[in-house]
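Worksheet: the structure to be examined is printed underneath.
The values are calculated or read from the model by the stated rules, or taken from the named source; none is laboratory data. Remember, it's a predicted structure, so these values are computed and weren't measured experimentally. Positions of Cβ are backbone-derived with ideal geometry, glycine not excepted, and every protein chain shown enters the neighbour counts. When the accessible area is computed, the model is the full protein with side chains, heavy atoms only, and any ligands, DNA or RNA have been set aside. Shrake-Rupley method; radii C 1.70, N 1.55, O 1.52, S 1.80 Å.
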Amino acid sequence: MHLIGRYALVGVTHFLCTGLALKVLSYILPCFLTCYYGCAAKFLMCAIVAQLTFGFTKKKFLSDKIQPDNRAVLITGCDSGFGLQLAKRLDKGGYHVFASCLNPNGPGADDLKKSCSKRLQIVEMDVTKDDSVKEAVNYVKDNLGTSELWAIVNNAGIQKGFITELTSIQDFKDTMEVNAFGPVRVTKGFLPLLRQSRGRVINIASLAGRISLPACAPYTMSKFACVAFSESLRYDLDVWGVRVISIEPEFFQTDMTKVENLRQRVDDTFASIDDDVREDYGKKFIEDFRARVNLMSASSKVYKVLNALELAISLEHPSLVYRPCRNCIVAVLYRIFEYSPKVMQLLMVKFYFYITGFPKPKEADNNL
């Protein structure tokens, strides 16, 4: 804490001295240089304001939508959550939906069969297995009929593991296999069809793909990888006219974010901790961590994610990145955190942990 305090003091002092130096230079430098400096500042401010307000202009003048007739969309992870609800919405909107489910006989698949039209087809697919993806590709090819594959939505995802030292390597591997390698595997399988239609790849990443979440290393790693995949793939596919769109929501209510499910995953993760590590962290830490695992409450406004997904699929001129948030205040706070210096991010997290009473390992202070 002493080192962080000193770092912050030096950083603030440096910022103030920089401002003072620029002010002094504005009096010393020749007029043409100060004029240039002022023009650059105005241009930067104009660029920031334009970026912040472009969404309103885009909504007004670039809101034309494609027709869903004879356009097919494949969605992974339709057993529950965003995938299940998106499949219903797109089917209602007239799209030919291929709803990929890990369990084609599970409650999610049954719900889709009962509530959707005959256009919707259930596809069994495990995104972690090459053969399963190949079979799904062949199924889609054989059942497209007069439709063309317009978009794939890489939605399937899991969350395993928490604090790095208390998380098994297998949890890291499982999370990366689904959240990072899954989109790669599915995209590669369906790209020939998407190149023919000049369609879209839509990857559902997360806010955690831009901002590192504390006590959630495996999930954060996987979502950073997913965002990076979208950014790189966009360059690869531009020449083919295929658009790559990244959906990066904050925390919304799904099965993954239910408190009871989070606590069960905490129990599963901490069950295999080595005895010496468990002793260092202490029983109280583990109990308090489990009780406070839902510190970042999830929003019930799931429709905001579904709206973003629908726009990504249906707009003629979609944005390349969508970041659904529950409200503008939360969106601004996340942006401030994202663009803050790393040391400031650390201080913010420390402050958040302090005011929320986040537990501290038993032996942490003894190592200072």
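Based on protein heavy atoms only, the chain ends up with 57 Å² per residue of surface accessible to a 1.4 Å probe. With all pairs of different C-alpha atoms in the average, the Kirkwood value for the hydrodynamic radius of the range 237-328 is 16.3 Å.
Each Cα pair under 8 Å and six or more residues apart adds its separation to the average, and for the chain the resulting relative contact order is 16 percent. Pairs spanning more than 21 Å between alpha-carbon atoms, out of 60/304; 59/223; 223/283; 88/118; 59/304: 59/223; 223/283. When Rg and the Kirkwood Rh are both derived from Cα coordinates, the Rg/Rh ratio for the chain amounts to 1.03.
So, counting K/R as plus one and D/E as minus one, what does the shell of residues with Cβ under 14 Å around residue 279 add up to?
Details: positive: 278, 283, 284, 362; negative: 165, 274, 275, 276, 280, 363.
Surrounding charge for residue 279 is -2.
Between residue 129 and residue 320, the modelled labels are 3.7 nm apart [label points 7 Å from Cα along Cα→Cβ].
Where both bridge residues fall in the chain, DSSP classifies roughly 5% of the beta bridges as antiparallel.
Loop-located trypsin sites (Lys or Arg not before Pro) across the range 167-229 with a Cβ neighbour count of 16 or fewer within 10 Å are 198, with loop assigned by DSSP. Spin-label pair residue 343-residue 148: with each label point 7 Å from Cα along the Cα-Cβ axis, the two points sit 5.5 nm from one another.
For residue 271 and residue 238 in the same chain, what is the full-extension length gain: residue separation times 0.36 nm, less their Cα-Cα distance, in nm?
Working: separation 33, 0.36 × 33 = 11.88 nm, distance 4.65 nm.
Between residue 271 and residue 238, full extension yields 7.2 nm more.
The C-alpha atoms of the range 138-285 occupy a region whose extents along the principal axes are 61, 29, 26 Å, arranged from largest to smallest.
State the percentage of accessible surface on the chain attributable to carbon and sulfur atoms; use a 1.4 Å probe and exclude ligands, DNA and RNA. Write down the numbers at each step before the final one.
Numbers: 12690 of 20980 Å².
The C+S portion of the solvent-accessible surface of the chain is 60 percent.
Each part gets one Cα centre, and for the range 164-218 versus the range 255-278 those centres are 22 Å apart. Highest mobility in the GNM of the chain, judged by mean-square fluctuation with C-alpha springs under 10 Å and restricted to 208, 21, 308, is found for 21.
Here is what passes the span test in the chain: the DSSP H helices with alpha carbon length of 27 Å or more along the helix axis and a Kyte-Doolittle mean of -0.5 or above are 2-28, 31-61, 217-238.
Which shape class applies to the range 292-336: rounded if a/c is under 1.5, otherwise prolate when a/b exceeds b/c and oblate if not, where a ≥ b ≥ c are the square roots of the Cα gyration tensor eigenvalues? Note, shape of the range 292-336 comes out prolate. If the chain linking residue 198 and residue 364 were pulled fully straight, counting 0.36 nm for each residue of separation and taking away their Cα-Cα distance, it would gain 54.3 nm.
Build a GNM of the chain with springs between Cα atoms under 10 Å apart, and of 279, 250, 310 the one that fluctuates most is 279.
Where nothing but the Cβ of Lys and Arg (+1) and of Asp and Glu (-1) is charged, how large is the charge dipole of the chain around its Cα centre, in debye to the nearest 20?
On the way: 46 positive and 38 negative charges, 328 e Å.
Approximately 1580 debye in magnitude.
Considering only 16, 191, 311, the Gaussian network model of the chain with Cα springs below 10 Å gives its largest mean-square fluctuation to 16.
Ignoring everything except DSSP H segments at least 4 long, calculate the 222 nm mean residue ellipticity for the chain; use -39,500 (n - 2.57) per segment, divide by total residues, nearest 500. Intermediate results must be reported in sequence, preceding the final value.
Details: 14 runs with 206 residues, N = 368.
Value at 222 nm, helices only: -18000 deg cm²/dmol.
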